[in-house]
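Worksheet: one structure, shown below.
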Amino acid sequence: DRANKRVLISRIFPEVGVERLQSAGFTVTAWDQDRPMTQDELIEQAKQHDALFCTLSDKIDAKFLGECSHLDIISQFAVGYDNIDIVEATRLGIPVGFTPDAMSNATADIAFGLMIATSRKMFFMHKQILSGSWTSFKPNANLGMELTGKTLGIYGLGRIGMEMAKRCKGAYNMKVIYHNRTRNEAAEKQLDAAYVAFAELLAQSDVLSIHCALTADTREIFNKAAFAQMKPTSIFINTSRGLVHNEPDLIEALNAGTIWGAGLDVTNPEPMQPDNPLLQMENVSVLPHIGSATMEARGKMAQMAAENIIEFYRSKHVPHIVNPEVLKNK
Ligand code: 8YV
């Protein structure tokens, strides 16, 4: 009986997710404060529930899982799940759902927007108006860089990277190169994208856009050594996870002119503090992790995360699952 199944919802999510679970007959407890729960609050609450609907701000580590190993399912509202210890959840036999593709368009839009904004110093120029520094027309000032015909490098050409590549190809006829764990033959056919070694990606990209997952292999892969191999005219775009780049190294590379500019929707740490030197730089655009923040994407994510729970209790099948191997024994 689903009414006996209690679902804990860890944040204020789009209402459609809660409604879906309630109308499917579940007993739902939704955290109603703006701030995330502390881990102690989360553990205490999760102990009294059967299923957890959560997101990036929830630390589902070995400690949490040790205390909440009774959970039937963890349903993550995000495509990334680096906040969850997947190895431990799998060892405990807990299925972990996620919401792939729901935010591919929204996130690619932000990567594309950051690329344009950075190439024309838009955020900095906006601040110039606000501070009263727009005093006259200056023919030789504020010069940006054009994108037409340039080379777009994608690190992590999956669902979101593909959408970014399509936009860049369509709008600017950019040449697409990429580096991945596995080759993306669809992209090679559809976008004439060329697979290159990591060193080539760094050396050849005019715009380098990051769309990989945060893993032990990708953590701080964009560091001093990597930036040193990039063109001094290049733009670095990150809409994946802040920890994929080393932020002090990025600041140094921008200050030294090792690379030309950066557009970031993700930073390390988040939130970024207002005195961060990146916010003072002309060729830098920073946003507060809004890649998936559209009504369409967040609505779809909430529905998918609810559906993963509903379907699990209905059929022991989770439509979008990170660790499908756990379902074999259910
Ligand atoms: C959101 C994200 O920031 O899907 C992801 O991996 O980073 C974003 O969609 C997050 O899920 C909001 O809670």
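The values are calculated or read from the model by the stated rules, or taken from the named source; none is laboratory data. Computed from a prediction, not measured in an experiment: that's the story for all the values here. All Cβ positions, even for glycine, are placed from backbone atoms using ideal geometry, and neighbour counts span all protein chains on display.
Does SER104 count as more than 16 Å from the ligand (Cβ to nearest atom) and of a type outside the set (D, E, K, R)? First the steps, then the outcome.
Values: more than 16 Å from the ligand (Cβ to nearest atom): no; of a type outside the set (D, E, K, R): yes.
So SER104 does not fit the description; no.
Filtered by the rule that a residue be of a type outside the set (Phe, Trp, Tyr), within 22 Å of MET301 (Cβ to Cβ) and not in a loop (DSSP other than H, G, I, E, B), segment 28-70 gives VAL28, THR29, ALA30, LEU42, GLN45, ALA46, ALA51, LEU52, CYS54, ILE60. Can you tell me which of (1) over 24 Å from the mean Cα position of the chain (by Cα); (2) over 26 Å from LEU243 (Cβ atoms); (3) assigned to a helix (DSSP H, G or I) is the one GLY17 doesn't meet? Of the numbered conditions (1) over 24 Å from the mean Cα position of the chain (by Cα); (2) over 26 Å from LEU243 (Cβ atoms); (3) assigned to a helix (DSSP H, G or I), the odd one out for GLY17 is (1).
Conditions (1) closer than 17 Å to LEU92 by Cβ; (2) crowded, with 20+ Cβ neighbours inside 10 Å, marked per residue:
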residue: GLU15; (1), (2): no, no
residue: GLY25; (1), (2): no, no
residue: MET37; (1), (2): no, yes
residue: LEU42; (1), (2): yes, yes
residue: SER57; (1), (2): no, no
residue: ILE60; (1), (2): yes, yes
residue: GLN76; (1), (2): yes, yes
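Here is a list of conditions, (1) surrounded by 16 or more Cβ atoms within 10 Å (Cβ to Cβ); (2) among the charged types (D, E, K, R); (3) in the same structural domain as ASP265 (by TED's automatic domain parsing); (4) free of Cβ contacts under 8 Å to residues at least 60 places away in the same chain, and ARG159 meets all of them except one; can you say which number that is? Of the numbered conditions (1) surrounded by 16 or more Cβ atoms within 10 Å (Cβ to Cβ); (2) among the charged types (D, E, K, R); (3) in the same structural domain as ASP265 (by TED's automatic domain parsing); (4) free of Cβ contacts under 8 Å to residues at least 60 places away in the same chain, the odd one out for ARG159 is (4). Taking the criterion of being over 19 Å from ASP82 (Cα atoms) and polar (S, T, N, Q), the residues of segment 23-68 that qualify are SER23, THR27, THR29, GLN33, GLN45, GLN48.
Mind counting the residues in segment 34-90 that are within 16 Å of the ligand (Cβ to nearest atom) and free of Cβ contacts under 8 Å to residues at least 24 places away in the same chain? Residues that pass the stated criteria total 3.
Kindly check whether there is at least one residue in segment 121-139 that is surrounded by 23 or more Cβ atoms within 10 Å (Cβ to Cβ) and not in a loop (DSSP other than H, G, I, E, B). No: zero hits. Within the set VAL244, VAL318, the sole residue that is modelled with pLDDT of 95 or more and within 14 Å of the ligand (Cβ to nearest atom) turns out to be VAL244. Quick check: anything in segment 270-287 of a type in the set (D, E, K, R), under 29 Å from ILE235 (Cα atoms), in the same structural domain as PRO95 (by TED's automatic domain parsing) and within 16 Å of the ligand (Cβ to nearest atom)? Looking through segment 270-287, none of the residues is of a type in the set (D, E, K, R), under 29 Å from ILE235 (Cα atoms), in the same structural domain as PRO95 (by TED's automatic domain parsing) and within 16 Å of the ligand (Cβ to nearest atom).
With among the hydrophobic types (A, V, I, L, M, F, W, C) and farther than 30 Å from ASN105 by Cβ as the only criterion, which of ALA46, ALA51, ALA78, ALA89 stands out? Spell out the reasoning first.
Details: ALA51 fails: farther than 30 Å from ASN105 by Cβ; ALA78 fails: farther than 30 Å from ASN105 by Cβ; ALA89 fails: farther than 30 Å from ASN105 by Cβ.
Result: ALA46 is the single residue among ALA46, ALA51, ALA78, ALA89 that is among the hydrophobic types (A, V, I, L, M, F, W, C) and farther than 30 Å from ASN105 by Cβ.
Per the listing ARG20, ARG2, the residue uniquely more than 18 Å from ASP85 (Cβ to Cβ) and at pLDDT 95 or above is ARG20.
How many residues are part of a loop (DSSP other than H, G, I, E, B) and at pLDDT 95 or above if we restrict to segment 141-176?
Residues meeting the conditions: 13.
Identify, please: which residue in segment 247-269 is within 15 Å of the ligand (Cβ to nearest atom) and surrounded by 19 or more Cβ atoms within 10 Å (Cβ to Cβ) and is, among those, farthest from ALA111 (Cα to Cα)? Explain how you work it out, then say what you get.
If we filter segment 247-269 for residues that are within 15 Å of the ligand (Cβ to nearest atom), which is where we start, we get 264-269.
Keeping just the survivors that are surrounded by 19 or more Cβ atoms within 10 Å (Cβ to Cβ) gives 264-267.
Details: LEU264: 8, ASP265: 8, VAL266: 11, THR267: 14 Å.
My answer is THR267.
Checked against (1) out of contact with any strand residue (DSSP E or B) (no Cβ under 7 Å at 6 or more places or on another chain); (2) surrounded by fewer than 18 Cβ atoms within 10 Å (Cβ to Cβ), LEU279 passes all but condition (1).
Residues considered: GLY299, GLY291. Of these, the only one that is more than 18 Å from ILE116 (Cα to Cα), within 16 Å of the ligand (Cβ to nearest atom) and of a type in the set (Gly, Ala, Ser) is GLY299.
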